[in-house]
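Scroll down for the structure; my scribbles are underneath it.
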């Protein structure tokens with residue numbers, strides 16, 4: 001037996017650990033609610049992408065001879081309009097399917113804008129001098145002191161009611177959460193040995209910020225992004241309901257609720273279905289966010 005030769009051979013790893021993606025999926029799928037929420041979310045995304053194909057009618061097309069027609073299972077309903085029609089004869093199913101597009105469009109744009117701006121500001125605050133950090137955080141505290149929906153209403157009232165302005169207002173309202181979260185993560189990471197080692201090897205401030213520290217702060221930011229997605233959909237629906245978001249005849253779920261509130265007692269379907277769409281979507285995203293938190297939190301992982 002050649003001991004020297006054996007010692008020179010690279011050691012075979014005893015524990016073949018899976019890739020990071022496989023490891024993430026292992027911990028994520030342990031949360032059954034998160035998996036269900038993920039599949040519901042995927043289903044809504046597919047509906048939003050294929051709305052133009054699977055919707056039976058144009059969402060703004062009016063059938064004047066079918067005003068407030070009930071769903072097909074009720075007396076007076078027809079299979080031609082499975083979920084009934086609204087007060088001006090538009091097909092509810094088609095409007096709900098197209099409404100998913102607007103809701104997910106709002107969520108994606110709001111999360112992208114608020115996360116990008118918030119992460120940049122929070123990263124800068126974490127590396128900035130104390131007095132600059134204090135000014136930034138006091139501004140964030142002032143924004144957080146206002147109720148989020150009230151502040152969004154004020155901003156939309158200044159900018160003018162529209163879906164674009166509603167998205168801008170919601171992004172501004174959500175940004176402080178990313179700033180505080182990123183700053184806290186950066187301050188925690190800056191005291192660790194690998195950051196000190198990078199400084200010793202001569203890494204500049206920009207390399208420390210974007211290459212060394214930021215990648216290790218992304219896990220809580222991703223979780224916050226998932227939860228902010230549902231908040232953005234809810235706030236956009238609330239602004240639409242108050243007449244400050246998407247304007248008729250846009251088939252946005254909150255706007256559909258606003259148009260249908262006067263018929264709540266005699267045409268339950270025009271209010272119930274948009275409300276259920278908002279409820280199911282937000283619940284699915286929140287469940288998925290809980291699963292992301294569990295998968296990213298090292299304290300919850302078993303060795």
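The values are calculated or read from the model by the stated rules, or taken from the named source; none is laboratory data. Note that the structure is predicted; figures quoted are calculated from it, not measured. Glycine also receives a Cβ, built like all others from the backbone with ideal geometry; neighbour counts cover every protein chain displayed.
Quick notes
- Scope the stretch 223-254; condition over 19 Å from residue 278 (Cβ atoms) and modelled with pLDDT under 90; matching residues: 223
- From the options 155, 149, residue that is touching a helix residue (DSSP H, G or I) at 6+ places or on another chain (Cβ under 9 Å), within 27 Å of residue 244 (Cβ to Cβ), modelled with pLDDT under 90 and part of a helix (DSSP H, G or I): 149
- Within the stretch 87-118, if we keep just the residues that are over 28 Å from the mean Cα position of the chain (by Cα) and surrounded by fewer than 22 Cβ atoms within 10 Å (Cβ to Cβ), the residue that is nearest to residue 264 (Cα to Cα) turns out to be 87.
- Residue in the stretch 18-56 that is modelled with the highest pLDDT, counting only those that are buried (at least 18 other Cβ atoms within 10 Å of the Cβ) and not in a helix (DSSP H, G or I): 55
- Selection from the stretch 160-183 of residues that are within 30 Å of residue 248 (Cα to Cα), free of Cβ contacts under 8 Å to residues at least 60 places away in the same chain and in a helix (DSSP H, G or I): 164, 165, 168, 172
- Within the stretch 119-147, being within 19 Å of the chain's Cα centre (by Cα) and buried (at least 20 other Cβ atoms within 10 Å of the Cβ) holds for one residue alone: 119.
- Of all residues in the stretch 205-216, those that are without any contact (Cβ under 8 Å) to a residue 40 or more places away in the chain and either surrounded by 18 or more Cβ atoms within 10 Å (Cβ to Cβ) or over 24 Å from the mean Cα position of the chain (by Cα) (or both) total 4.
- Residue count for the stretch 92-127, restricted to those that are touching a helix residue (DSSP H, G or I) at 6+ places or on another chain (Cβ under 7 Å) and over 30 Å from residue 69 (Cβ atoms): 16.
- Conditions (1) at pLDDT 90 or above; (2) over 23 Å from the mean Cα position of the chain (by Cα); (3) buried (at least 17 other Cβ atoms within 10 Å of the Cβ): number failed by residue 167: (2)
- Residue among 253, 269 that alone is surrounded by fewer than 22 Cβ atoms within 10 Å (Cβ to Cβ), touching a helix residue (DSSP H, G or I) at 6+ places or on another chain (Cβ under 8 Å) and touching a residue at least 40 places away in the same chain (Cβ under 8 Å): 269
- Condition met for residue 264 (surrounded by fewer than 20 Cβ atoms within 10 Å (Cβ to Cβ), farther than 25 Å from residue 163 by Cα and without any contact (Cβ under 8 Å) to a residue 12 or more places away in the chain): no
- Of everything in the stretch 40-73 that is over 15 Å from residue 94 (Cα atoms) and in contact (Cβ under 8 Å) with a residue 60 or more places away in the chain, the residue that is farthest from the chain's Cα centre (by Cα) is 40.
- Within the stretch 184-204, being more than 15 Å from residue 122 (Cα to Cα) and touching a residue at least 12 places away in the same chain (Cβ under 8 Å) holds for 194, 195, 198.
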